[in-house]
Amino acid sequence: MADEGGIYKKMATYDKRWVYVVLFIVVLGPLIRPFGMPIGISAMTKNYYNVLDTLEEGDIVFDTWNMEFSGYMELKPGVLATHKMFIEKGVKLCIAFGHYEGVALPGEIFKQLQTWLDRYDYTEGEDYIIIGYVFPNEAAVAALSQDFHSNVRVDWKGESIEGTFLDEIQNAGDFDMISDYTTGLATTHMINHMVLQYDIPMVENSIGVSVPGHLANLDAGLLQALLASTRGGAELEFLISSPGPGLKSMDAFTLGHYSLIIFIIIGNIGHYGWTRRTGARDRTGIK
Amino acid sequence: MTVLVVSFLLVFIPYFIPWGPLDWLSGKLMTIAAVTNAFTIVIAVYSQFRRSGRFIREKRKGWVYHIYLLAMLAIMTLSGFLLGQHVGAYEWLLLAVVTPLSSVIYGILAFYMASAGARAFRARSPQAALLLLAGFVVLLYQAPLTGAYFPGIEGAAVYLTDTFGMSVSRMFSISVSIGAIVLGVRMLTGKEVAFLGFREGEE
Amino acid sequence: MSLVAKICAETDTRLIVPTGGGSDTYITREAAVDLVRNAYTAAGVPELFNEEDMPFLSGEQYAYTPGYVGILVRERPGATIMTGSHYSEAMNIAEMANGVDSITITAGCYTSNMAALACASDYIMLGEEQPAAGAYLSRDPAQMASIRVQDIYKFIAIGAMLLGLIAVNVGSDVINRLLST
Amino acid sequence: MNEFLQFAAVVVGIFISFAMYTTLYGKPNPLRSWAEFSYLGAATGVSIVISLTYIYNTAILGMQAGDWILVFSIIFGLMMLFRMHPDYSHVSRLPLAFTVGTGLALSLRTQIFTSFIIQINATIVKLWTGVPIEFLYRLTIAISVITILTFFLYTMELSGPLLWTSKVGEYLMYIGFGAIFAQTFMGRLGLFVGYMESITTPTWKTPYTLASAAICLIAAVIFDRTGLGEKLSAG
C-alpha cells in the first residue's frame, strides 16, 4: 500500500520541471527528425483562404504586422502563406508595424519569400511599401484612419511615399482589405476606427491567445475571416500547396499537445489516488 | 479637468456630428495626442537610468549587470541614430539579442501553461470536471494527428470553442466595455483624479 | 490594495509593491505610493512605510517581469497578490510565485489570461470581480455606486438580449434595428 | 551585413536564447542575468530609436510640410517630460489631461458599439434556420452569454431564477475556460515550436542549438550546486 500510495503521490506532486524537460524533448526531437504526420483542414481556415481569394490584381491591402518578433514565430506559417497568395495575385501591400520590433520583420519575411518575389517580379515601391512603425497608440490609429497622408509622409527608410500607389489612399476606407497579423497590439483600435467607421473587410491571423476574443468579432461580423495560430498557418500552407515551416512544425505541435494530455491524465490518477484520499489541496484557482 | 473635458468633447462630438472644420480639428488633435504619448518613451529610459544608477552608486548586488545594461542601451541608441537602423551594431544586436530573446521570453509561457494545466486540470469538483472535459477535447483536436484519424472530434471541439469559449469572450467584452464607460464617466466628472497623477481633491 | 496595506501595517508584515509594466504606470505609480503611505499613516504607523519596498521596475512589460520574478526568487514572499491589469507576464509571475510556494491571488484582465491564471493561481478574481471586491472591502460609496451602475447596465444588456431573442423569433427585428441605429 | 556577422548573430542568438531558458531551472544564475540584461538594454535602445523616429516622421516632417499645428505635439510632449522631476511634475498635468481626454473620447466613441451594442446584437438572432446544428450553436451562445452575464451581477440579490441562471452561467463559463485554456496553450506552444523550428532550420544550425542547450543546462546545474549562481547572478 505504501508503495502504491508512493506512486500516486509521485503522480500528484511531481516536480514540474519534468513537464519542462518532456516538452523540450517532444518539440525539439521531431523538428530535428520530422516524421510527417497527416493534418486535417478546419472550416475556419478554408473560409480564410476563400476570403483572400476574392482579392484581385491591383487591389490595395493594408497589411498590418501587429506583432512583436515573438508573435511572428507563432504566426510565421500564416504570414508567409498569406503573402504568397498576395504576391501570386498581384495585390499591392501597404505594410505597417504595430510594435518597434517590427523593424526586424521585413528582412526575415522577405528573405523567406525571395523565390516568390523573383518569380512574380514583386518589388518594393512598385508592389509593396513599408510605412514602418506607425501605431504607437490608439490616437495614432484613429488619426491615420481619418487622414492617411497627414500622418504618413515617408516609408520606413525615410523616402517619400508621394507618387506611389499610396496616392490613392486618403483615409482607411480607400483600402480594399485589411490583413492583420496580431499578438493583440493595435488590432482592437483598428477594428474600432477602421472597420466600424469605414466598413472595410478585415481578415485576422491571430496568435492562439487572442483567438477566443476574435471569435466573438468574427461572429459579430467585425472580422471576415480568422486564421488561428501556427495550426491555421500550416493548414493554409496545405491549401495553397506550398509546404513551409507550419507543416514542418506539426509533428512537434502534435506531440506537444499529447504530452500535456498525458500529464493531465497522470495528474488525475495522482489526484484520485493521493490528493483526494489525503485531503490535500491542489494549488489552483479552479474551484 | 477643463482641458480633459474640452479635448474629450472636441474628439468625441465630430464622430457623431460630422462637420468639416471640426473633423479637421479632431484629426489634428488625434495626431498631437499620438505624438505626445510617444514622448513617454523618454520617461521610460530615464526611469531605467535612475534605477540602474542607484544600483551602481550603492554597489548593490548585480550592479555590474546594470553597467552592462546602460552600455548596451547606449550602443543601440547611438548606432541607431548615427549609423542608421539598417546597418551596424544596431542591426546586429537586433538580430542577435532582441529578436531571439523576445521569442524566448514569450515562448517560456508555453512551459508555464503546461505546468499550470497539468496541475489544474483535475476533476475535483463539477466546475473543474467541466474545465477538464472541454480542455481535453479541444487539446486533442488541436493536435493535427487526432483530426486526421478521428475527423469527428472537429465537430465537438469547434462546438466548444465557437459557442462556450466565444460566449465567455463576448460576455467579458460586454462587461469590460461597461466598466470602461463607467470609468470614463468617473474621469470626466473628476471622480478618478488619482489616475491622472492628481491628488484627491485637486483640480 | 489599500486594504492589504492596512492589514500589513497593523500586523507589521513586510509589504513589497513592485510597480510598472506599462506606459500608464509612470502616472499610476504616484497614486500607488500615496495609497500605501496613507494606509500606514491611517494605521498609526507611518514610520513603518518604506518606499524602497515599492520599486518601480520598468514601464516596459518584459523589463518589469524579470524584475518582479527576481524579487519572488530572492524574497520568497508568503503571499503574492496581483492587482491591476496584468497581461501575458501574469503567467510568468503566477507560476514563479507558485514555484517559491507563495500563496498566489491574482486578477485576470482578459479572457485568455483569466482561463490560464485561474489554473495557475491559488485564488483568482475574474473580470469585474476585482473592482467589485475593492468596492466591497473599502465600503467606498463612490466605488459601490459605480459597481451598482455597471450591474444596471448588465441587467439592461440581459433584458435587451432576452427581449430581442423573443422578438426576432416571433418575426420582429425591432430590437436589432433599434440597436443598429 | 557580411556573412560572418550574420553567422555570428545566429550563433550568439541561439546561445543567449538557451541562457534565458535556464529561467525554467528555477534558480538564479549569471547566464540568465546576462541574457536578461542584454535584452533590457538592447530592447529599450530599439524602442527609443523607433519612437523618436516616429515623432520625427509624424511631427517634424509634418511641420516642414506646413502642418504647423503639430508644434503643439512637441510642446505637449516636452511638457510631459517634466513628470520626471518631482518638483515640476505638475507641468505634465496639462498634456496628460489632454491625452487622457482624447484617449477617452477615442475609446468611448467606438467601444460602446464594437464591444457592447454589436456584441449584443450578434447574440439576438433567429434560432431556428432549418439547420439543426446552427440551431444548437445559436441556442448555446444565447444561453451562455445571458447566464454567464448574470453570474457577474454583484449588487443584486441572486435569488429565484437569477440564482439558477447564475449557477448555470458559472458551469458554462468553466466549459468555456477549458476551451479557451486549450487555445491559449496552442498559441504559446506554437510560439515555442516556431522558434525551435527557426533555430533548427536550415540544418546547419542544429548542432549549435543542441550544444547551446547542453552547455546552458549543465552550467545552470553547476551554478546551483556550487552556490555560485546566487553569488554571481543579478538576483
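The values are calculated or read from the model by the stated rules, or taken from the named source; none is laboratory data. What you see is a predicted model; the values in this text were computed from it and never measured. Note: ideal-geometry Cβ built from the backbone for every residue, glycine included; neighbour counts use all protein chains shown. The area values use the complete protein model at the heavy-atom level, side chains included, leaving out ligands, DNA and RNA. Shrake-Rupley method; radii C 1.70, N 1.55, O 1.52, S 1.80 Å.
Observations
- Given R0 = 56 Å, the distance between the Cβ atoms of residue A:17 and residue D:158 translates into a calculated FRET efficiency of 0.85.
- Each stretch of four or more DSSP H residues adds -39500 (n - 2.57); spread over every residue of chain D, this sum gives -24000 deg cm²/dmol at 222 nm.
- A simple spin-label model places pseudo-atoms 7 Å from Cα toward Cβ; at residue B:133 and residue C:34 they are separated by 5.1 nm.
- Two-site FRET efficiency, residue A:111 against residue A:171, from Cβ-Cβ distance with R₀ of 35 Å, rounded to 0.05: 0.60
- Other-chain or far-sequence residues with amide H under 5 Å of residue A:128's (modelled H): A:93, A:123
- In plain terms, the bigger the Kirkwood radius, the slower the diffusion; for the range C:2-138, with that radius from Cα pairs, at 10 °C and 1.306 mPa s, Stokes-Einstein puts D at 104 µm²/s.
- Residue order for D:165, D:184 - accessible surface, 1.4 angstrom probe, largest first: D:165, D:184
- Other protein chain Cβ atoms within 10 Å, averaged over every residue that makes up B:61-70: 6
- At R0 = 30 Å, FRET efficiency that the Cβ-Cβ distance of residue C:167 and residue B:189 yields, to 0.05: 0.30
- For chain C, the longest principal axis of the Cα atoms and the long axis of helix C:61-75 meet at an angle of about 50 degrees.
- Neighbouring partner chain Cβ atoms per residue of A:219-226, average, 10 Å criterion: 4
- Potential extension, residue A:159-residue A:46 segment - 0.36 nm per residue separation minus Cα distance: 36.8 nm
- Distance (nanometres) between label positions extended 7 Å along Cα→Cβ at residue D:71 and residue D:7: 5.6 nm
- Principal-axis tilt of helix A:17-32 within chain A, Cα atoms, nearest 10 degrees: 50 degrees
- Along principal axes, Cα extents of the protein assembly as shown, largest first, whole Å: 85, 72, 71
- Hull-based mean projected area of the range A:43-243, where the convex hull spans the alpha carbons, in square nanometres: 9.8 nm²
- Vicinal HN-Hα couplings computed from phi for the range B:124-135 (Karplus, 6.51 cos²θ - 1.76 cosθ + 1.60; Hz; Gly/Pro x): 9, 7, x, 4, 5, 5, 5, 4, 4, 4, 5, x
- Where GluC sites (Glu not before Pro) in DSSP loops with at most 16 other Cβ within 10 Å are excluded, longest remaining stretch of chain A: A:163-287
- Share antiparallel - DSSP beta bridges, the protein assembly as shown, percent rounded to 5: 5 percent
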